[in-house]
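Asker: For reference, the structure I am asking about is given below.
Bear in mind that the values in this text are calculations on the coordinates, not laboratory data. Quick caveat: nothing in here was measured; it's all calculated off a predicted structure. All Cβ positions, glycine included, derive from the backbone under ideal geometry; neighbour counts span all protein chains shown.
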Amino acid sequence: MIEHYPVLHRKVLQFFSPIKEGYIVDATVGGGGHSYLILKKFPQVKIIGIDRDETALKRAEEKLREFAGRYTLVHSSFKNIDKVLQSLKISCVSGFLFDLGVSMFQLKTDRGFSFQREEPLDMRMDTSQHLTAYQVVNQYPKPVLEKILFQYGEEKFAKKIAKMIAEYRKKKPIETTKELADIVVKAYPPSLRRGRIHPATRTFQAVRIEVNKELEEIKEGVSKALDLTEKGGIIQVISFHSLEDRIVKNIFKEAKKLKKIEILTKKPITPSEEEIKENPPSRSAKLRVAKRV
């Protein structure tokens, strides 16, 4: 029994059920939740688990230990999946799973992903990389900041928030998540400060996407996955906001035109009421699935 079921796990297992043997790449292995269930259900399958968060890989190692010999964990960004597979001397695989965005585990670390605690502005998934949220917030020119908030956060008050950040940092650098969240709240009209969604949600999403170059990574990684999947193989992508989902939808659409894939989900699959009760953060998840032809 595992302590927390990963998002849409029943559907993920169902779509992978035609795969009887070979390799499945868990491109965002995280704490190993999906991989654990895949290894348990399909005894002939092996997992290649990729993550750019070394702490997540340690957790995955602990969780998957009972399946020793059937999994390989690699510290890398999934945009490098071609190089990862090449280094393992694997030319093509039976399936891919991408579970995008920030994990619940990362939200609970002290790396500044959450505005609900006071932490340093970091937001790096891979702590060995140079760019941090501190640099984005304190060093990016105001027009660039505004563009990021608008494009990556779909934030309608992007202009005002960018202006207030620029004014604040003239006096002193913005160092913590609380400082940034407080600035955003003040930029919102008083009537909208106490909604269901915290005013800082979109700003934090936008800064995190910029720090980790998440959208570029999705475009590159998912496109490469289609080329590395054998005929009849399955590619599954779980996204958590409209920007991610739109990219995946467009990649699948183009690949279908080129007769590379068959799309198995006409509309994205979303969690059932039962799953949302069991795991509330899953409510915004969308699963798209394709089969290589």
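Asker: For Ser284 and Glu216 in the same chain, what is the full-extension length gain: residue separation times 0.36 nm, less their Cα-Cα distance, in nm?
Answerer: Numbers: separation 68, 0.36 × 68 = 24.48 nm, distance 2.11 nm.
So the chain would gain 22.4 nm between Ser284 and Glu216.
Asker: Determine the calculated [θ] at 222 nm for the chain from helices alone, applying -39500 (n - 2.57) to every DSSP H run no shorter than 4 residues and normalising by the residue count; nearest 500 deg cm²/dmol.
Answerer: -13500 deg cm²/dmol
Asker: May I ask you to evaluate 6.51 cos²θ - 1.76 cosθ + 1.60, the Karplus curve with θ = phi - 60°, for each residue of segment 70-79 and list the ³J(HN,Hα) values in order in whole Hz, giving x for glycine and proline?
Answerer: Coupling constants for segment 70-79: 10, 9, 10, 10, 10, 7, 6, 7, 6, 5 Hz.
Asker: List the residues whose amide H sits under 5 Å from the amide H of Gly22, counting only those 5 or more places along or on another chain, with H placed 1.01 Å from N in the peptide plane.
Answerer: Answer set, sorted by chain and number: Lys46.
Asker: Among the aspartates and glutamates, which fall within straight-line cross-link reach of Lys277, defined as a Cα-Cα distance under 13 Å, with same-chain neighbours fewer than 8 residues apart omitted?
Answerer: none
Asker: Counting other beta carbons within 10 Å of each residue's own, what order do Arg196, Arg117, Arg52 fall into, fewest first? Numbers along the way, then the final one.
Answerer: Working: Arg196 4, Arg117 13, Arg52 22.
So the ranking, lowest neighbour count to highest, is Arg196, Arg117, Arg52.
Asker: On to the next question. Need one number: % antiparallel among DSSP beta bridges in the chain, to the nearest 5.
Answerer: Values: 11 of 30 bridges.
Here the share of antiparallel DSSP bridges comes out near 35 percent.
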